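Student: The structure is given below, and queries will be raised subsequently.
Throughout, read-outs are computed from the coordinates displayed, never taken from laboratory work. Keep in mind the model is a prediction, meaning the values are calculated, not measured. Here Cβ is always computed from backbone atoms with ideal geometry, including for glycine, and neighbour counts include all displayed protein chains.
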Amino acid sequence: MEVTQVLLNAQSVDGSVRKHAEESLKRFQDENLAGFLLSLSGELSSDEKPVDSRRLAGLILKNALDAKEQHRKFELVQRWLSLDVGVKTQIKHCLLQTLSSHVHEARSTASQVIAKVAGIELPQKQWPELISSLLANIHQVPVHVKQATLETLGYMCEEVSPDVVEQEHVNKILTAVVQGMNSSEGSTDVRLAATRAMYNTLSFAQANFSNDMERDYIMKVVCEATLSSELKIRQAAFECLVSISSSYYEKIAPYMQDIFNITAKAVKEDEEPVALQAIEFWSSICDEEIDILEDYAGDFAGDSEIPCFYFIKKALPALVPMLLETLLKQEEDQDQDEGVWNLAMAGGTCLGLVARTVGDDIVPLVMPFIEENISKPDWRQREAATYAFGSILEGPSPDKLTPLVNVALNFMLTALTTDPNNHVKDTTAWTLGRIFEFLHGSSMETPIITQANCQQIITVLLQSMKDAPNVAEKACGALYFLTQGFEDIDQTSPLTPYFQEIVQSLLLVTHREDAGESRLRTAAYETLNEVVRCSTDETVPMVLQLVPVIMMELHKTLEEHNLSSDERRKQNELQGLLCGCLQVIIQKLGSLEQTKYAFMQYADQIMNLFLRVFAFRSATVHEEAMLAIGSLAYSTGQDFAKYMPEFYKYLEMGLQNFEEYQVCAVTVGVVGDICRALEEKVLPWCDGIMTQLLKDLSSNQLHRSVKPPIFSCFGDIALAIGENFEKYLMYAMPMLQSAAELSAHTSSADDEMIEYTNLLRNGILEAYSGIFQGFKNSPKTQLLIPHAPHIVQFLDLIYMEKDMDDMVMKTAIGVLGDLADTLGSNAGSLIQQSLSSKDFLNECLSSDDHVIKESAEWAKLAIGRAISI
Amino acid sequence: MAGETTPPSHRRHPIKHTVGNAAVQRRRQHAVSVAKERREAMFRTKRLCMEGISISSDAATDNEMMVDEEPMVLESQTSKAVEELKLAVSFKGKDAVEKKVHALRELRRLLSRSGFPFVEIALKSGAVPLLAQCLSFGSEDEQVLEAAWCLTNIAAGTPEQTKALLPTLPLLIAHLGEKSSLSVSEQCAWALGNVAGESDELRELLISQGALIPIAKMMLPDNGSTVRTAAWALSNLIKGPDPDAATELIKIDGVVDAILRHLKKPDIELATEVSWVVVYLSTLSDVATSVLMKADIVQILVDRLAASNNLQSIIPLLRSLGNLMSSDAYTTNVVLDPGHEITESIIRSLSKCLKSEHRFLKKEAAWVLSNIAAGSVAHKQLICKSEAVSLLLQLLAGAPFDIKREVAYVLGNLCVAPADGLGRPSLLLDHLVSFVRNGCLCGFIDLVRQGDLEAARIGLHFIELVLRGMPNGEGRKLVEKAGGIDAIERLQFHENDDLRMMAGLLVDSYFGETYGLDE
């Protein structure tokens, strides 16, 4: 097959030509994968071929090796590994050869494909000669080969994990990269490629950073590169510094003075992309120190492996003025939507992090700037001053801030109503929100909101909700935190007199023509939700009046048909907001005696609306509607049974939704809610539900985060239907067992994995607890006896690993008790023989966490009986 | 693709952001965590409901769901358990025993719970006749054990509930025999001990049904748990008021040996239960007292007292020693000879008790000490040389009334020599002077002012000693100065003849019409 033409056709402007070409490529791939990949690599490596066909050949090759979805990626890896060795050798030869091509695009594409192959093969100990042949290229004279090789090394380091590359190779790679970065390197292309490669190589340099000489040299080269005349090199070099600041925080003390000078100069003089990275360096140092100081303050004082060097505190007198300076560099017509990133935004963000790192110390350094600028005629100065104030509200102590806030509050309220500049008002409203978020609430000793100023605050905020969308959005945010601060107030909330007005104003905002801008509508609904959630006995009757209003809104969205795709997207979003609002209302009204009965009169109608929302969206199920139904099930209890015949198909759809895994996860949670609501009445639906859940578990398409809740859901079902769970045991138990074994073998290398393992174990243990409790007092208890040994083993194992969190500990000791309780003497000897039950129990008995202790005391009694009988 | 690919630029979350995203996130997380809390509450509720363990009272009231659901669930569970037992008892097929044991076990677990009227419901549902059936002769051990356990829990209830056991008592006693396994007889003894503890009538009934000997025999072997239970049940059985059971008990072969043997064991709980048996034996039966005395039990008790630090174990030891001393002078005169180490040892131990935090120990110790103080002059001197005296003086000054009164007995006894048969006991002047110099007179005068007859009598006696004994007639001034005259005069019109006479005599003899004119 002449692949060149097909590849060119596949990029044709003519749709039918393109489609035909794509089909032929697909057919070729399906019929003869090896031949297909070989001809693609041939195409890529041949300098006689057109650039366009070579580029597409490389792209298809790359996509044949990697995919975003985990399961697809796994399949591709397996497919490559099972390919004939001779074929692979030939392809790899072509790829390496391409690195010497004179065509830049071909080289660049090849280097990415090489990295993908390396990502698959190096962990398998295949392609051992790759690194040496790449390093051999470095010494070749042609600059373009050197550049491509460095690029390849960089991509390769991004793809493979450091432990599959020997230190000897790492040393050589680093040497090559550092040489390429050196100021003596004549070619800008080579130097840029080397600097970018350095970024990825840093994670391999653990050993080298522990060696003073080598570290000094690397740092010197990186710092030098930040002074390059080439913007892209400077930017890449600063990115390296940022990476070093988080990976090698404890090693950079000797260089901090130099780095400060470099970053200060860049922030002041350099172009924005570079200046942003220079600021990012300090933000990143703040991240590190905040983490370390949090560890210091935690239960295990001084448990942090890395000591704090207090770089921020030391740099403070110079750092703060530098950052304040950036606040004055706003863009003229700055887009107020979320995601804006410029010098002022980055500087304020960094200032906020600095405040969190050093606390009170920042206040005297920032206050003069605020005082000087807050009343200046130039809006930039007023905005910068306000922004500075808003940024430092988290971190310093309330003692320090409250007096300042008391003075500032009135000023801010006035500015929000009268300042002519939109940008200033936006930042002012945001600052008010920050004040309420961090300095208002029941835990504060001196309240900043008083009877005297409450009315003014609300009047101003409600007024600002009529301002431009960006200002109105920030005003909603301020109201959100204001409301939240009164969350656990016992007596009459100061908001009570204004409740009706607040609700009305928020509803008005949701109806604004321009509510789609600046995410204003979302902010208004979420603020309304918070108002509902925090309503008190006095105001909750008004929440009840809100029910038909929101229902009507939802109903209206269901009446609109024949919409454009954009309108349809907006409609979906609105339905989500309304379902979310109903969810909060249901949770609130359904849980209070005062309102429950009156609210229940709406239950049928609300459920009907939810069912229509589902029917409306044919394919996928609305996550928010699902969540709301969970709350409704809890409120209605056994009565929810009447909705099941109609609702079940949507439940099943939700459980089948692999792509939108959050929907699946929420639906799994709703199954639990329904089990608790219906108890044994859920039985008729269980065959279908269990079938779906088991399918979900065996699918490698489903996101792993859904699996722990599915296990917990087994427990919910068993608890609801008791011994009727018998028929599912033969499926559920092996699944649980293999998941338990899997969780035992995960290497606990990174925090994310440890967290997932804990979640998984918690899910498994909750399943066991539910099953034991469900079978208790049933003559079928003996069906569980054969499973007891591995459960006890599992408990032994998680105890001995010593990395379980409190959640797992509590669930685990509960399972031990449930096992003893349900199986009685059948479990007695098993527990006595177990390696660690006794130690585990004792450890839990002496736990500080009273919930763990309570579970342990219960387990102790249950075990005592099981052993004594 | 291809072309320019730059490394991902660092883009952090801007500090200035819209409220929406975080709020949505937070709201959804809240919804999910509510579900998680409900699941946990459910686990907890099930554990509490089914298991009958009162974990902690605040845990039970914290959780609304539980408060709402528990009683109903539990009530139906209890009556259901009795119903199950009924079915199991009438079941004749294979596994009949297994079914019964299972049903009994369920019932027993419910009955073990506190804080809810399980027993009441079980009784109403007709549990006792079923349990009696399960105790029938020839039943499997496990079945009898579970039935007896159920009955034990019922017997621990209110008096009415305990009486409900009446029809089962002969069977429970029958299972005490040597043919039963240890655990069965122990459980039966436990049930019977509960019954015996309830009332005099039930005690008599049990003794008439022959419970004493088999329970006593359970004390003979060396099995700790069985002996402990048997000793506890025996204490309940012999605690009177009829002393016959105690006398009968001491005559049973091997009982005395067993008591002495167990008292020497390191097992504190065991020794404590056994010493309670000694308390009742020595309280009620002189025969028992003299038998025990001759068996040299005092030495064992004193040794144990010296080694004990725990309130629960000290109380019966003190009580036993006091009983033995007060009922037979042999104890004080012969066993506790002032020259023997044992006597110093007991005084040391009693001083320790006087120092204790527990008011009860102080009082009991003072009572025992008053018995020693009633002994020979040498005994008195021994006490006066010990640290006990200063403790007693402190207590007289500041302790609550009941302790004060016991202390006053001791101090009073210490000031007089045993009567020589010629009327008034002679004074031990140096003791008296020393006590008075240490300010004890006020304490005694205070006792006179209390409404208590006995206390007033001790007080008056001591005042008489002071008036009579203090050198240079100093007594009168001291008594007057301490407000004694007023206290005595009040008694001149007391309804009790003795007191009135004593008070009148004192006033007439020492504070007559001439009083005050001498000077």
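Student: What is the Cα convex hull volume of the protein assembly as shown when expressed per residue in Å³? Walk me through the numbers on the way to the answer.
Tutor: Values: hull volume 393.0 nm³, N = 1388.
Considering the Cα atoms of the protein assembly as shown, their hull volume per residue is 283 Å³.
Student: In peptide A:519-529, what is the residue-averaged number of other protein chain Cβ atoms found within 10 Å of each Cβ? Spell out each step's value before the answer.
Tutor: Values: counts 5, 2, 1, 6, 5, 2, 3, 9, 3, 0, 4.
Averaged over the peptide's residues, the number is 4.
Student: A further question on this structure: Could you compute the FRET efficiency for A:Glu723 and A:Gln78, with r as their C-beta to C-beta distance and R0 at 35 Å, rounded to 0.05?
Tutor: Numbers: r = 42 Å, r/R0 = 1.21.
Calculated value: 0.25.
Student: Please report, in debye to the nearest 20, how large the charge dipole of the stretch A:746-869 is about its Cα centre when each Lys and Arg carries +1 at its beta carbon and each Asp and Glu carries -1 there.
Tutor: On the way: 9 positive and 18 negative charges, 184 e Å.
For this selection, approximately 880 debye.
Student: Quick one: net charge of A:Thr427's neighbours, Cβ under 9 Å, K/R +1, D/E -1? Show your work: numbers first, answer last.
Tutor: On the way: positive: A:Arg382, A:Lys425, A:Lys474, B:Lys16; negative: A:Glu383, A:Asp426.
In short, +2.
Student: Also, quick follow-up: Given R₀ = 30 Å, what would the calculated FRET efficiency be for A:Thr450 paired with A:Ser375, taking r from the Cβ atoms and rounding to 0.05?
Tutor: Values: r = 25 Å, r/R0 = 0.84.
That pair, A:Thr450 with A:Ser375, gives E of 0.75.
Student: Another one. Per Stokes-Einstein, at 4 °C and 1.567 mPa s, what whole-number D in µm² s⁻¹ belongs to chain B, with the Kirkwood radius over Cα pairs as the hydrodynamic radius?
Tutor: Details: Rh = 28.4 Å.
For the chosen part, D equals 46 µm²/s.
Student: Let me ask something additional. How would you order A:140-152, A:710-722 from highest to lowest mean count of nearby Cβ atoms within 10 Å? Please report the intermediate quantities before stating the final value.
Tutor: On the way: A:140-152: 20.8, A:710-722: 25.8.
Order by mean packing, descending: A:710-722, A:140-152.
Student: Give a residue-ordered list of calculated ³J(HN,Hα) values for the stretch B:304-309 (Karplus: 6.51 cos²θ - 1.76 cosθ + 1.60, θ = phi - 60°; whole Hz; x for Gly, Pro).
Tutor: Using θ = phi - 60°, the values come out as 5, 4, 4, 8, 8, 10 Hz.
Student: How large is ³J(HN,Hα), in whole Hz, for each residue of the stretch A:284-289 in order, when computed from phi with the Karplus curve 6.51 cos²θ - 1.76 cosθ + 1.60 and θ = phi - 60°, using x for Gly and Pro?
Tutor: 5, 4, 4, 3, 4, 5
Student: A follow-up question, please. Excluding residues fewer than 8 places away in the same chain, name every one of the lysines whose C-alpha is closer than 16 Å to that of A:Lys268.
Tutor: Here the lysines satisfying the reach criterion relative to A:Lys268 are A:Lys329.
Student: From zero up to wherever the largest Cα-Cα distance of the stretch A:544-645 sits, split into 5 Å bins and tell me the percent of pairs in each.
Tutor: Pairs per bin, as whole percents: 2, 13, 26, 25, 17, 10, 5, 2, 0.
Student: So if each residue of separation counts as 0.36 nm, and I subtract the Cα-Cα distance between A:Ile306 and A:Ser12, what length gain in nm does that give? Please report the intermediate quantities before stating the final value.
Tutor: Values: separation 294, 0.36 × 294 = 105.84 nm, distance 5.66 nm.
The span from A:Ile306 to A:Ser12 would gain 100.2 nm if fully extended.
Student: Set the Förster radius R0 to 56 Å, insert the Cβ-Cβ distance between B:Lys92 and A:Lys596 as r into 1/(1 + (r/R0)^6), and round the FRET efficiency to 0.05.
Tutor: Numbers: r = 52 Å, r/R0 = 0.92.
Efficiency computed from Cβ-Cβ geometry: 0.60.
Student: Residue farthest toward the positive end of the dipole of chain B, with Cβ of Lys/Arg at +1 and Asp/Glu at -1: which of B:Gly339, B:Leu284, B:Thr45?
Tutor: Farthest towards the positive end: B:Thr45.
Student: Semi-axes, largest first, in whole Å: what does sqrt of 5 times each Cα gyration tensor eigenvalue give for the stretch A:1-127? Walk me through the numbers on the way to the answer.
Tutor: Values: eigenvalues 105, 64, 33 Å².
Those come to 23, 18, 13 Å.
Student: Still on this model: Which of the chymotrypsin sites (Phe, Trp or Tyr not before Pro) found in the stretch A:600-686 are in a DSSP loop and have at most 13 neighbouring Cβ atoms, other than their own, within 10 Å? Spell out each step's value before the answer.
Tutor: Numbers: sites: A:Tyr602, A:Phe610, A:Phe614, A:Phe616, A:Tyr634, A:Phe640, A:Tyr643, A:Phe647, A:Tyr648, A:Tyr650, A:Phe658, A:Tyr661, A:Trp685; in loops: A:Tyr602, A:Phe658.
For chymotrypsin sites (Phe, Trp or Tyr not before Pro) across the stretch A:600-686 that sit outside H, G, I, E and B with at most 13 neighbouring Cβ atoms in 10 Å, the list is empty.
Student: Right, next: How big is the stretch A:722-869 in terms of Cα radius of gyration and Dmax, in angstroms?
Tutor: 14.5, 45
Student: With a cap of 13 neighbouring Cβ atoms within 10 Å, and only residues DSSP puts in a loop, list the trypsin sites (Lys or Arg not before Pro) found in the stretch A:68-105.
Tutor: Values: sites: A:Lys68, A:Arg72, A:Lys73, A:Arg79, A:Lys88, A:Lys92; in loops: A:Lys68.
Passing sites in the stretch A:68-105 are A:Lys68.
Student: What is the spin-label model distance, in nm, from A:Glu517 to A:Asn421 if the labels are put 7 Å beyond Cα along the C-beta direction?
Tutor: 1.9 nm
Student: Near the amide H of B:Val416, under 5 Å away, which other amide H atoms are found, from residues 5 or more places off or on another chain, if H is placed in the peptide plane?
Tutor: Correct list: B:Leu428.
Student: Sticking with this one: Quick one: if you stick a label point 7 Å off each Cα along the C-beta vector at A:Asn182 and B:Lys124, how many nm between them?
Tutor: If labels sit at A:Asn182 and B:Lys124, their model points lie 9.6 nm apart.
Student: Let me test this: with uniform point scatterers at the alpha carbons of the stretch A:397-535, what is the Debye-based log₁₀ I(q)/I(0) at q = 0.09, 0.12, 0.17, 0.19 1/Å?
Tutor: Listed by q, the Debye log ratios stand at -0.24, -0.43, -0.87, -1.09.
Student: Which whole-Hz ³J(HN,Hα) couplings does the stretch A:696-706 yield from phi under the Karplus relation 6.51 cos²θ - 1.76 cosθ + 1.60, θ = phi - 60°, glycine and proline marked x?
Tutor: Working through the residues one at a time gives 4, 5, 7, 7, 9, 7, 6, 4, 4, 5, 7 Hz.
Student: Sort B:26-34, A:586-594 by the packing proxy (mean of other Cβ within 10 Å over each peptide's residues), most packed first.
Tutor: Details: B:26-34: 15.7, A:586-594: 17.7.
Going by the mean number of other Cβ atoms within 10 Å, highest first, we get A:586-594, B:26-34.
Student: Pairs of alpha-carbon atoms within less than 8 angstrom and 6+ residues apart define the contacts here; what relative contact order does chain A have, in percent?
Tutor: Working: 1152 pairs, mean separation 38.9, N = 869.
In percent, rounded to a whole number, it is 4.
Student: If you don't mind, there's one more thing I want to ask. Of all GluC sites (Glu not before Pro) in the stretch B:331-388, which ones are in loop regions per DSSP and have a Cβ with at most 14 other Cβ atoms within 10 Å? Kindly include the intermediate steps, with their values, before the conclusion.
Tutor: On the way: sites: B:Glu341, B:Glu344, B:Glu357, B:Glu364, B:Glu387; in loops: B:Glu357, B:Glu387.
Here the sparse-neighbourhood loop sites are B:Glu357, B:Glu387.
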